[in-house]
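S.K.: Quick one: this structure, given as structure tokens, is what I'll be asking you about.
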Amino acid sequence: MYFSGTKDIKWYVNKHIQDNAAFYNGLTVVDVPAGTGITSESLKKVGANVIALDLFPEFFKVDGINCVYCNLNERIPLEDAVADVVICQEGIEHMPDQLKAFKEFYRVLKPGGKLIITTPNYSNLKAKLSYLLTESEYFNKIMPPNEVDDLWFADDKREMYYGHLFLLGIQKLRTFGRLSGFNIDKIHPGRINGTAFLLTLWCYPSIWISNIITLRKNLRKKKNNPYLVEIKAIYEEIYKLNLNFKILTGIHLFIEFEKIEEELNFSKFKKHADTNFIT
């Protein structure tokens, strides 16, 4: 974790690529949305085979790489299992159908492939406080999501490009990943938010107590479920994410997922679900 330095997530992604240059060398990496090409250029320098995709390919500025039009609300214009790594940097928060985007990432990745997602951290304590006070991303700075400020770009030929209208935290990211066939492999460090850090020091005992009570209460509800062992593992992963210091304090989420090949059968939990739902 970094307590000083730039807040720009591109710097941390670039550092990750440079620190893992030997890993990326020779791999096929999809950079979507590629933007102006900062990450694509970094990948090219370490020897990766870069496939750059973006809703606005005309903004891409890297010589030697062709950026292709791609709307992540639709099908990614690639064949199945062509990529070793997909990097979606500051893009998922703009997507109305985020689960569909995850499933497309899964489709284009090879078995065991990596999906790296960065997004503004809606799970740090400053962001949670901001939402409590104003339902906005930054209290006292910007308005809550609205039709004036959250349509960043639109023209007559393309679908609207939304702003941070679809911000999501670590738990939704994890769940979308699992429903699509991914496990969280690593949580990479980024810049710490000072306010979130102080709030975490102050609130951590309460956060721990609340989460342990919730965990135990829900495990008791499932004590007769035939899949209790699997459910317990899932709940404990969720519990640990809620207590993760990087998540509670970081400005961005920088998550590395791994594509898994096991059969996904979540309907088995539904068959034994509780009949009392909270409404």
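The values are calculated or read from the model by the stated rules, or taken from the named source; none is laboratory data. Owing to the predicted nature of the structure, the values given are computational and were not obtained by experimental measurement. Every residue, glycine as well, gets a Cβ built from its backbone with ideal geometry; the counts of neighbours run over all protein chains shown.
S.K.: Please find, among Leu215, Leu253, the residue that is at pLDDT 95 or above and either assigned to a loop (DSSP other than H, G, I, E, B) or over 24 Å from His16 (Cα atoms) (or both).
M.R.: Unique residue meeting the criteria: Leu215.
S.K.: Moving on. Conditions: (1) buried (at least 20 other Cβ atoms within 10 Å of the Cβ); (2) in contact with a helix residue (DSSP H, G or I) (Cβ under 7 Å, 6 or more places away or on another chain). Ser130 meets all but one. Number of the miss?
M.R.: (2)
S.K.: I'm told Trp202 meets every condition in (1) among the aromatic types (Phe, Trp, Tyr); (2) modelled with pLDDT of 95 or more; (3) closer than 28 Å to Glu93 by Cα; (4) more than 17 Å from the chain's Cα centre (by Cα) except one. Can you identify the failing condition by its number?
M.R.: Among (1) among the aromatic types (Phe, Trp, Tyr); (2) modelled with pLDDT of 95 or more; (3) closer than 28 Å to Glu93 by Cα; (4) more than 17 Å from the chain's Cα centre (by Cα), the lone unmet condition for Trp202 is (3).
S.K.: Still on this model: Scan segment 223-246 and tell me whether some residue there is β-branched (Val, Ile, Thr) and either at pLDDT below 70 or outside any helix (DSSP H, G or I) (or both).
M.R.: no
S.K.: Also, I was wondering about something else. Given the conditions (1) under 21 Å from Gln171 (Cβ atoms); (2) in contact with a helix residue (DSSP H, G or I) (Cβ under 8 Å, 6 or more places away or on another chain); (3) modelled with pLDDT of 95 or more, which single one is not true for Met95?
M.R.: (3)
S.K.: Check whether at least one residue in segment 94-102 is out of contact with any Phe, Trp or Tyr (no Cβ under 9 Å at 6 or more places or on another chain) and either touching a residue at least 60 places away in the same chain (Cβ under 8 Å) or under 22 Å from Phe254 (Cβ atoms) (or both), and report yes or no.
M.R.: no
S.K.: Additional query: Among the residues in segment 186-198, are any without any contact (Cβ under 8 Å) to a residue 12 or more places away in the chain, under 30 Å from Asp19 (Cα atoms) and surrounded by 15 or more Cβ atoms within 10 Å (Cβ to Cβ)?
M.R.: There is no residue in segment 186-198 that is without any contact (Cβ under 8 Å) to a residue 12 or more places away in the chain, under 30 Å from Asp19 (Cα atoms) and surrounded by 15 or more Cβ atoms within 10 Å (Cβ to Cβ).
S.K.: Condition (residue is more than 20 Å from Leu115 (Cβ to Cβ) and touching a residue at least 40 places away in the same chain (Cβ under 8 Å)) applied to segment 28-45: is it met by at least one residue?
M.R.: no
S.K.: Related question: So if I check each of Ile116, Ile142, which one is among the aliphatic types (A, V, I, L, M) and either at pLDDT 95 or above or crowded, with 18+ Cβ neighbours inside 10 Å (or both)?
M.R.: On inspection, the qualifying residue turns out to be Ile116.
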